[in-house]
Every structure is written in structure tokens, then in C-alpha cells.
Amino acid sequence: MRKKHFRPSTLYLALVLLITYLPIFIVVIFSFNDSKLPVAWKGFTLHWYATLFQDRALIEALRNSIVLGVVSSAAAAVIGTLGALGMARVHYKTKGMMEYLSTVPIMLPEIILGMVFMAFFSLLRLPFGWTTLVIAHTAFCIPYVYLMVKARLVGIDKSLEEAARDLGASPRRTFFDITLPLILPAVASGCVLAFAMSFDDVVISIFVNGPTLSTLPIKVYTHMRTGVTPEINALCTILLAVVTLVLLGSNLLRRKK
């Protein structure tokens, strides 16, 4: 029998997993801690989960973040998909520069984007609130959908669309029957990524947020300025459980297909 040799890559992988998941594990554990100070374990309790669901401001902030993420990712999906389709069908000398400029929001620091959006909305005299939040989130979510759809379009056989046109299909019929089904997985992936980026954003939201409106990241950031509370640990645990269930469900659906 051959002896199993120890590989440094195994130690490296274990170290990466430990650094990545240990903080998450600690947050989950202390969400059940019967102490308000996250420094010592004093017993098991579900009190903080009950307190969390009684916090109307936090629940409202969560609802605002979900609505904002859905609206901005949906708008980004439409604009980003149309932009990728348009760029794939045109050929001119400055096309490369235009494609580069379309990804600028991803490369710029969020604090710069937030300041730019705030100055732009102030110049237009738009009231800060839902309108400015949706516009700003849609703007920085568009590149994520654009890049996903653009990468998918590269692998699509153009002869399929040409064959549909030769058989008498109109451009609209060709798009809905041929192109859209082929790029739909990329559009869905871009929407999920855009929703995650919108739901997670703090910096830009602070700059364009209204005085009476709050999103979940802003609310959590405000709470954490005075220290991590057990309610925040409980909220993080619930969100982690939801994300885990969604990922497990998507994997099961893929296996069935």
C-alpha cells in the first residue's frame, strides 16, 4: 500500500477555509448566546431572534433593501442586456473604448461613485430618497449584467439567428424565440449578482439616501458603530440560512435537469 504524503496544498486549503468560515461560525454561535456582550458564552437562548422580529425599523429596512434590490436589478437586466446585444451587433473603431467605459462603475471606488451621484442629483435638484437610490443602484448594477450577457453572446452560434431570419422570422420573433432563451441563463446570473451588490451596498446608499429612508446595510452600519449586538448576529444568521437554502435549492434543480 502506498503511503499518503502530506501536501502543502491541503494545509493551505484548510487555512483558507478556516479564515473564511470561522468568523461566520462565531457569528452564528453568538446569535444564540444568553448574553448581550459577545465575549463569553452564558447559555442558549432564542431571545435575540424574538427581539429582532419586534424591531420594526430593522424589518422595514430589510424590506426596503429587498424592494430596492429587485427594482434596480430588474432595470439593470433590461438595460444591460440591450446594451450587450447592441454592442455585439455594431462594428466601429471606438467600440473597444465604449466597452471599456461601460465597465467603469465596477472599477471606480464606491466612495467616488457616491460623491458623483450626490453631486449629480443635487445639480438636477432631485429629492433624495427612493428615486435617487433606484437610479444610483441601477447605474452601478448595469455592468454586472452587461458583462455576463456579453460573455454568453460570444459563445452563441450566429448561424442560428441567420437561419431563423432566412426562414422568415422577424427580428422580434428571432430575438424572443432564439436569442433570449440562449442568453437567459446569463441574464439570470447577472440579475442575481446585481441584486447581491445592491443589497450589500453601504457607501453609495449613504450618499444618495433620503432623511426618512433607510436600507438594511445602513441600519446595520449604524448599529455597529456602538458595537456588534446580538440582534445583528441573529439577522446575519437568518440571512445566511436563506442564502444557503437558495443555493441548495438551485443545485437540486440543476441535478434534476
Discussion item. Show me the ranking of peptides 241-249, 95-103, 185-193 by mean Cβ neighbours inside 10 Å, starting with the highest.
Written reply: 185-193, 95-103, 241-249
Practice prompt. For V202 and Y92, compute 0.36 nm times the residue count separating them, minus their Cα-Cα distance, and round to one decimal in nm.
Written response: 35.8 nm
Worksheet item: Each residue of the stretch 138-151 in turn: what ³J(HN,Hα) in whole Hz from Karplus with 6.51, -1.76, 1.60 and θ = phi - 60°, glycine and Pro shown as x?
Response: 5, 4, 8, 8, 4, x, 5, 5, 4, 5, 5, 5, 4, 5
Practice prompt. Report P(r) for the chain: all Cα-Cα distances, bin width 10 Å, range 0 to the bin holding the largest distance, values in whole percent.
Written response: 6, 21, 26, 24, 15, 7, 2, 0
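Tell me, what is the per residue accessible area of the stretch 176-253 in Å², probe radius 1.4 Å?
Each residue of the stretch 176-253 exposes 52 Å² on average to a 1.4 Å probe.
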Discussion item. Using 0.36 nm times the number of residues separating R173 and I24, minus their current alpha carbon distance, what extension gain do you get?
Written reply: 48.8 nm
Discussion item. Counting only pairs 8 or more residues apart or on different chains, how many lysine pairs in the chain have their Cα atoms under 28 Å apart?
Written reply: 10
Practice prompt. Would you be so kind as to identify which of S73, M97, L62 lies farthest towards the positive end of the dipole of the stretch 1-146, taking Lys and Arg as +1 and Asp and Glu as -1 on Cβ and the Cα centre as origin?
Written response: M97
Worksheet, complete the sentence: With all protein chains present, the chain has a carbon and sulfur share of its accessible area (1.4 Å probe) in percent of 70
Worksheet entry | For the stretch 77-184, fraction of C-alpha pairs farther apart than 24 Å, in % | 40
Worksheet item: Taking the simple approach of a point 7 Å from Cα along Cα-to-Cβ for both T51 and L160, what is their distance in nm?
Response: 5.4
Discussion item. Starting from 0.36 nm per residue, how many nanometres of slack lie between E99 and V78 once their C-alpha separation is accounted for?
Written reply: 5.8 nm
Worksheet item: What angle, in degrees between 0 and 90 and rounded to the nearest 10, separates the Cα long axis of helix 8-30 from the longest principal axis of the Cα atoms of the chain?
Response: 60
Item to complete: Please give the calculated 222 nm ellipticity per residue for the chain, where each DSSP H segment of at least 4 residues contributes -39500 (n - 2.57) and the sum is spread over every residue; nearest 500 deg cm²/dmol?
Response: -24500 deg cm²/dmol
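The values are calculated or read from the model by the stated rules, or taken from the named source; none is laboratory data. The shown structure was predicted, so the numbers you read here are calculated from the model rather than taken from an experiment. Ideal geometry is used to build each Cβ from the backbone, glycine not excepted, and the neighbour counts take in all protein chains shown. We work out accessible area using only protein heavy atoms, side chains counted, and drop any ligands, DNA or RNA first. Shrake-Rupley method; radii C 1.70, N 1.55, O 1.52, S 1.80 Å.
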